[in-house]
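Notes follow once the structure below has been shown.
The values are calculated or read from the model by the stated rules, or taken from the named source; none is laboratory data. Note that the structure is a prediction, hence the values are computed from the model and not measured. Don't worry about glycine lacking a Cβ; one is built from the backbone with ideal geometry, like all the others, and counts go over all protein chains shown. Heads up: the accessible areas ignore ligands, DNA and RNA and are worked out on the full protein's heavy atoms, side chains in. Shrake-Rupley method; radii C 1.70, N 1.55, O 1.52, S 1.80 Å.
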Amino acid sequence: MIKTLGYAAMNSKSPLAPFQFERREIGATDVQIDILYCGVCHSDIHQVRDEWGGSIFPMVPGHEIVGKVLKVGPKVTRFKPGDLAGVGCLVDSCRTCDNCKDGLEQFCLNGWVGTYNSVEKDGAPTYGGYSKTVVVKEDFTLKISPKMDLARTAPLLCAGITTYSPLRHWKVQAGQRVGVVGLGGLGHMGVKFAKSFGANVTVFTTSSAKKADALKLGAHEVIVTTGPEAQKEFASHSGAFDFILDTVSAPHDLNAYLQLLKRDGSMVLVGAPPKAPEVAAFSLIMNRRQLGGSLIGGLPETQEMLDYCAEHGIASDVEIIPIQKVNEAYERMLRGDVKYRFVIDLGSLK
Ligand code: NAP
Ligand code: ZN
Ligand code: ZN
């Protein structure tokens, strides 16, 4: 076994603290990665605090991992020591079901294995990227271009693919009006991708202080949903949008946004508040609107997204923190005080 160090929560009430644990020995098809950076996703907070239920402790969170390959097993063909590598939310799936064969491992019919808060096929718990090193199957390891800034690439492994995938699936393109609700880690990547695909982007934010940033990130228009003009703005945008991407992490009213969709428009939830939303039938019946959801993305699409970002110079806007500041970072995220993703520099973990 490989001894390593990480930061873990021992239960849903405890802050994260240093934790020693073991990774499996490198198998024939495994890659061992020296973790350099790991992004902090709001899903880490939901799971550490057991807001979705079923959390497994001790929990080492982190599924936005980039680093350098240390060692590879004898059957590994795509990686060698020294290569850059990334790991997202998935570390295994059956690879034989229809969804896996379609490259949609996140919908594996036989159950996928999450990077943390999950169990391997042999029953061993998985531990995430708030740690020095990780051992991952080659098939679940992503290539990172040496052109990329590594800290700014880490968030692409979850926030990036989670926004890229629905924008591609719903064929967002030039000439369309797209709304992005919530300007956090996911939201700011949603703005960058939608803009890059040629859409006219409107950001809906509760934070008036984010207005200038939203425009800098590529939004054409910003609506502050807590402002005095909000009601008028919603009314004047009724039926205006082709597509709305909802990235909000807390319960909020979906009906107000559904009203903004034009005929056959779609609103897609990627934000995952624990409490079920209330949707009025008439919000959907009128204009034949659709409400959908989307979960991260499969391995082929994650690689496609990383390659797209390398080619188009797209990366996350980050604040790099030492791991000792991770509990504070959680509190700041809950206050909406992050621009726009915290990324842990694992060099700080000694
Ligand atoms: P984040 O950085 O904390 O951003 C969430 C944003 O939501 C905040 O910045 C804020 O934006 C807005 N918000 C927060 N509380 C709100 C409230 N009460 N009412 C309205 N807006 C509010 O979080 P994230 O990492 O982007 O994650 C967002 C959500 O996506 C989380 O629930 C996470 O678990 C989920 N997620 C889902 C997937 C998936 O595969 N579907 C993948 C990753 C994450 P403003 O300040 O602009 O209002
Ligand atoms: Zn995530
Ligand atoms: Zn499968």
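Could you please let me know if Ala219 is in a helix (DSSP H, G or I) and either within 22 Å of the chain's Cα centre (by Cα) or closer than 29 Å to Tyr330 by Cβ (or both)? Before the answer, list the steps.
Details: in a helix (DSSP H, G or I): no; either within 22 Å of the chain's Cα centre (by Cα) or closer than 29 Å to Tyr330 by Cβ (or both): yes.
Against the criterion (in a helix (DSSP H, G or I) and either within 22 Å of the chain's Cα centre (by Cα) or closer than 29 Å to Tyr330 by Cβ (or both)), Ala219 does not qualify.
Would segment 37-53 turn up any residue that is within 16 Å of ligand 3 (Cβ to nearest atom), open to solvent by less than 30 Å² (accessible area, probe 1.4 Å), among the small types (Gly, Ala, Ser) and assigned by TED's automatic domain parsing to the domain that holds Gln324? Quick ask: steps written out before the conclusion?
First pass over segment 37-53, keeping only residues within 16 Å of ligand 3 (Cβ to nearest atom): none.
Within segment 37-53, not a single residue is within 16 Å of ligand 3 (Cβ to nearest atom), open to solvent by less than 30 Å² (accessible area, probe 1.4 Å), among the small types (Gly, Ala, Ser) and assigned by TED's automatic domain parsing to the domain that holds Gln324.
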- If Val60 satisfies every condition in (1) touching a residue at least 12 places away in the same chain (Cβ under 8 Å); (2) open to solvent by 10 Å² or more (accessible area, probe 1.4 Å) but one, which is the exception? (2)
- Item | Any pair with Cβ under 7 angstrom, 6 or more apart, that starts in segment 136-159 at a residue that is within 18 Å of Gly313 (Cα to Cα) and of a type in the set (Val, Ile, Thr) and ends at one that is modelled with pLDDT under 95 and buried (at least 20 other Cβ atoms within 10 Å of the Cβ) | none
- Residues within segment 311-334 that are in contact with a Ser or Thr (Cβ under 7 Å, 6 or more places away or on another chain), open to solvent by 20 Å² or more (accessible area, probe 1.4 Å) and either part of a helix (DSSP H, G or I) or within 16 Å of ligand 2 (Cβ to nearest atom) (or both), tallied: 2
- Task: For segment 160-193, name all the residues that are open to solvent by less than 10 Å² (accessible area, probe 1.4 Å) and without any contact (Cβ under 8 Å) to a residue 40 or more places away in the chain.
- Result: Val191
- Query: Taking Val31, is it farther than 18 Å from Arg332 by Cβ, in the same structural domain as Tyr130 (by TED's automatic domain parsing) and part of a strand (DSSP E or B)?
  - Reply: yes
- Message: So, in segment 89-124, exactly how many residues are near ligand 3 (Cβ under 10 Å from one of its atoms), of a type in the set (D, E, K, R) and part of a loop (DSSP other than H, G, I, E, B)?
- Response: 2
- Task: Filter segment 241-253 down to residues that are surrounded by fewer than 21 Cβ atoms within 10 Å (Cβ to Cβ) and in contact with a Pro (Cβ under 7 Å, 6 or more places away or on another chain) and give me whichever is farthest from Gly190 (Cα to Cα).
- Result: Pro251
- Item | Filter result for Cys108 (free of Cβ contacts under 8 Å to residues at least 24 places away in the same chain, more than 16 Å from ligand 2 (Cβ to nearest atom) and touching a Leu at 6+ places or on another chain (Cβ under 6 Å)) | no
- Message: If I filter segment 5-23 for residues that are among the aliphatic types (A, V, I, L, M), in contact with a helix residue (DSSP H, G or I) (Cβ under 8 Å, 6 or more places away or on another chain) and within 15 Å of ligand 1 (Cβ to nearest atom), do I get at least one hit?
- Response: no
